[in-house]
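Remarks on the structure that follows.
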Amino acid sequence: MRSLFLITISALGLALLVTTAISQNMQNAPSPDQRAAATRVFLGLGAEPDKAAAARGAPLFQQNCAFCHGPQARGAEGPSLITSDVVLGDDHGEHLIPFLKSGRPEKGMPAFPGVPDDQLKDIAEFLHLQVEDVANRGAYHVLNILVGDAAKGQAYFAANCMSCHSVAAFAHIAGKYRSPDQLQRGWVWPARPADNSLAITATVKTAEGATISGRVTQVSDFRITLVDSDGRTHVIERGTGVDVRTKDPLAPHQAMIMTLKNEDMHNVTAYLETLK
């Protein structure tokens, strides 16, 4: 069992945690298989389904089980199997095979004593793959997102982005990303580079009257941690008389996200994709 902890932090603290987690260089982004594997480990999803066995089990499930549990085991006349304790407690059929052979007649679940064990194991792998498809968002394959109007995207870009950015900054930008979806993430929420040029900074006036400025590395409702220009770390309690002023170079992007329409996002991505 995994324990979940609720953490109360300020809006800036949440923004800092989120940007730290997602601000990675898109050129070095993991492959879909690597992303799926990492998500599987993070979520503790258990044994990885055997996809070849699941493919064999799919028609068997459709023939014997889909009429009751639905074609993807998400429920129909009978319950969804995605959250079934029996399914989730099984790795490769060691529990499901005897369960399917005996069934639960008292609850309307028929027994399948005549189905060979290898076929029941394939059905088990099919069920595990359905759980994987629901639970492991890292395995999701992004569809084609180049559905916008590049001309409209260029107009939006000129009206909303050129006040902060130069034309040169976007020269050949599409060639810097492996796919359009990474390009879209890159311009909607740019990565914070390792040189800290886009880091969140703050100026703090303490209750004693001292002024400390630096890069924010941690912040909450109770304290703020800064690294100054000399590399020294300052942990400051946010008590009475302490004034904190923050500056985030990506604040315009945060504001843009609150009003950005899907149509505009797709249009700008279509335009930037032409800048190879």
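The values are calculated or read from the model by the stated rules, or taken from the named source; none is laboratory data. Computed from a prediction, not measured in an experiment: that's the story for all the values here. Every residue, glycine among them, receives a Cβ derived from its backbone with ideal geometry; neighbour counts consider all protein chains shown. Surface accessibility is based on the protein's heavy atoms, side chains included, excluding ligands, DNA and RNA. Shrake-Rupley method; radii C 1.70, N 1.55, O 1.52, S 1.80 Å.
Bins of 5 Å, beginning at zero and ending with the bin holding the largest distance: percent of Cα pairs per bin for the stretch 106-244, please.
Going out from 0 Å in 5 Å bins, the stretch 106-244 shows 2, 7, 9, 11, 8, 7, 9, 10, 9, 7, 5, 4, 5, 3, 1, 0, 0 percent.
Using Cα positions and a limit of under 26 Å, work out the lysines in reach of Lys121, with same-chain residues fewer than 8 apart set aside.
Counting by Cα, and skipping residues close in sequence, Lys121 has these lysines nearby: Lys51, Lys101, Lys107.
Can you tell me the length gained on complete extension of the stretch Ala158 to Val244, counting 0.36 nm per residue apart and subtracting the Cα distance?
Working: separation 86, 0.36 × 86 = 30.96 nm, distance 3.43 nm.
Extending this stretch completely gives an extra 27.5 nm.
Taking the Cα-to-Cβ direction at Arg35 and at Ala52 and moving 7 Å from each Cα, how far apart do the two end points lie in nm?
Placing both labels 7 Å beyond Cα along the Cβ direction yields 2.7 nm.
Can you give the accessible area of Phe42 in Å² (nearest 10), computed on protein heavy atoms with a 1.4 Å probe?
Surface open to solvent at Phe42 totals about 150 Å².
Given a 1.4 Å probe and the protein chains all in place, what does the accessible area of Ser80 round to, in Å² to the nearest 10?
About 40 Å², ignoring ligands and nucleic acids.
Round to the nearest 10 and report in Å² the accessible area of Leu143, as given by a 1.4 Å probe over the protein chains' heavy atoms.
Result for Leu143: roughly 130 Å² accessible.
Could you list the trypsin sites (Lys or Arg not before Pro) in the stretch 142-220 that lie in coil according to DSSP, counting only those with at most 13 other Cβ atoms within 10 Å of their Cβ? Can you show the working numbers first?
Values: sites: Lys152, Lys176, Arg178, Arg185, Lys205, Arg215; in loops: Arg178.
Answer in residue order: Arg178.
At q = 0.16 Å⁻¹, what base-10 log of I(q)/I(0) does the Debye formula yield for the stretch 213-276 when every alpha carbon is treated as an equal point scatterer in vacuo?
The calculated log intensity ratios at q = 0.16 Å⁻¹ are -0.70.
Just the number, please: carbon plus sulfur as a percent of the accessible area of the chain, 1.4 Å probe, no ligands or DNA/RNA counted.
On the chain, the fraction of accessible area on carbon and sulfur atoms equals 57 percent.
Filter the GluC sites (Glu not before Pro) in the stretch 121-226 to those in DSSP coil with at most 16 other Cβ atoms within 10 Å of their Cβ, and list the result. Each step should come with its number before you reach the end.
Values: sites: Glu125, Glu132, Glu208; in loops: Glu208.
Counting only loop positions with at most 16 other Cβ atoms within 10 Å, the GluC sites (Glu not before Pro) in the stretch 121-226 are Glu208.
With a point put 7 Å past each Cα toward its Cβ, work out how far Thr211 is from Ala151 in nm, to one decimal.
Between Thr211 and Ala151, the label points sit 5.2 nm apart.
Evaluate 2.2 N^0.38 Å with N set to the residue count of the stretch 24-165, then give the Cα radius of gyration divided by it.
Taking the Cα Rg and dividing by 2.2 N^0.38 Å, one obtains 1.48.
Defining a contact as two alpha carbons under 8 Å apart and six or more residues distant in sequence, what relative contact order in percent does the chain show?
23
Which one, Asp228, Asp195, Asp33, has the greatest fluctuation when you compute a Gaussian network model over the chain with C-alpha springs under 10 angstrom?
Asp195
Asp118: net charge of surrounding residues, Cβ under 15 Å, Lys/Arg +1, Asp/Glu -1, itself excluded?
-2
How far apart, in nm, are two points set 7 Å out from the Cα along the Cα-to-Cβ line at Leu275 and at Glu263?
Inter-label distance under the simple model: 2.3 nm.
Determine which lysines satisfy two conditions relative to Lys152: a Cα distance under 25 Å, and not lying fewer than 8 residues away in the same chain.
Partners within reach: Lys176, Lys261, Lys276.
Out of the GluC sites (Glu not before Pro) in the stretch 47-106, which ones are loop residues according to DSSP with at most 15 other C-beta atoms within 10 Å? Don't jump to the answer; show the numbers that get you there.
Details: sites: Glu77, Glu94, Glu106; in loops: Glu77, Glu94.
Counting only loop positions with at most 15 other Cβ atoms within 10 Å, the GluC sites (Glu not before Pro) in the stretch 47-106 are Glu77, Glu94.
Under a 1.4 Å probe, what is the accessible area of the chain per residue, stated in Å²?
Numbers: 16750 Å² over 276 residues.
Ligands and nucleic acids excluded, the figure is 61 Å² per residue.
Taking only Cα atoms of the chain, what ratio of Rg to Rh do you get with Rh as the Kirkwood inverse-distance radius?
Details: Rg = 26.0 Å, Rh = 23.2 Å.
With Rh from the inverse mean 1/r over Cα pairs, Rg/Rh is 1.12.
Leaving out same-chain residues fewer than 8 places away, which aspartates and glutamates sit with a Cα under 17 Å from that of Lys205?
Here the aspartates and glutamates satisfying the reach criterion relative to Lys205 are Asp221, Asp228, Glu237, Asp243.
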